[in-house]
Amino acid sequence: MLDQQGEQLDRIEEGMDQINQDMRDAEKNLEGLEKCCGLCVLPWKRAKNFERGGDYDKTWKASEDGKVNTNGPRVIVGENAGPQGPIITRITNDAREDEMEENLTQVSGMLGNLRNMAIDMGSEIESQNRQVDRINNKGTHLNDRVDAANKRAVKILRDQ
């Protein structure tokens, strides 16, 4: 389930990157329409360049999602991470205590597996939360960019 969600987030982010590229092309076309006699942009009509500034770089820099996390969990869990000695204190030393010991050892192993699964799921959720934040920032940035381009287009049409 988390894998499918991660794939969907990847597709959304790729789509937003494509929209950013399309907006770059649209802004170049708008700049061509704003040129005086098709030659040069008048300084007082120069539009804001969205690609200059820290916000653009911070939002659209290369994703660090696929990099190995060197600061990840420091807990190394092996197969024998459970109790090393006997789990129960033997009183009668009979077959029932042997069976109880065996069952508790199996339960301990299963709990270790569940713990590892929980750690993996937590790491994946953290990664997806960071990706959702990036997508949100890109969406906000693209919304502002589209609004500015629409205003420029309306102004060009009004001035014609």
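The values are calculated or read from the model by the stated rules, or taken from the named source; none is laboratory data. Here the structure is a predicted model, which is why all the values come from computation and not from measurement. In this analysis, Cβ positions are derived from the backbone assuming ideal geometry, glycine residues included, and neighbour counts consider all displayed protein chains.
Taking each residue of segment 111-135 that is on the phi > 0 side of the Ramachandran plot and part of a helix (DSSP H, G or I) and looking for partners that are surrounded by fewer than 14 Cβ atoms within 10 Å (Cβ to Cβ) and among the hydroxyl-bearing types (Ser, Thr, Tyr) with beta-carbon atoms closer than 6 Å, six or more apart or interchain, yields nothing. Say whether the condition of being at pLDDT 65 or above, surrounded by fewer than 11 Cβ atoms within 10 Å (Cβ to Cβ) and assigned to a helix (DSSP H, G or I) is met by at least one residue in segment 36-47. Looking for residues that are at pLDDT 65 or above, surrounded by fewer than 11 Cβ atoms within 10 Å (Cβ to Cβ) and assigned to a helix (DSSP H, G or I), one finds none in segment 36-47, hence no.
Please pick out the residue among Ser108, Ser127 that is more than 30 Å from Gln21 (Cα to Cα) and polar (S, T, N, Q).
Checking each option against the conditions leaves just Ser108.
Flag: Arg90 does not match the condition of being outside any loop (DSSP other than H, G, I, E, B), touching a helix residue (DSSP H, G or I) at 6+ places or on another chain (Cβ under 9 Å) and either modelled with pLDDT of 75 or more or closer than 30 Å to Ile12 by Cβ (or both).
The condition (being at pLDDT 90 or above and surrounded by 13 or more Cβ atoms within 10 Å (Cβ to Cβ)) is satisfied by just one residue among Gln128, Gln106: Gln128. In the condition set (1) modelled with pLDDT under 70; (2) under 30 Å from Lys35 (Cα atoms), Pro83 is compliant with all but (2).
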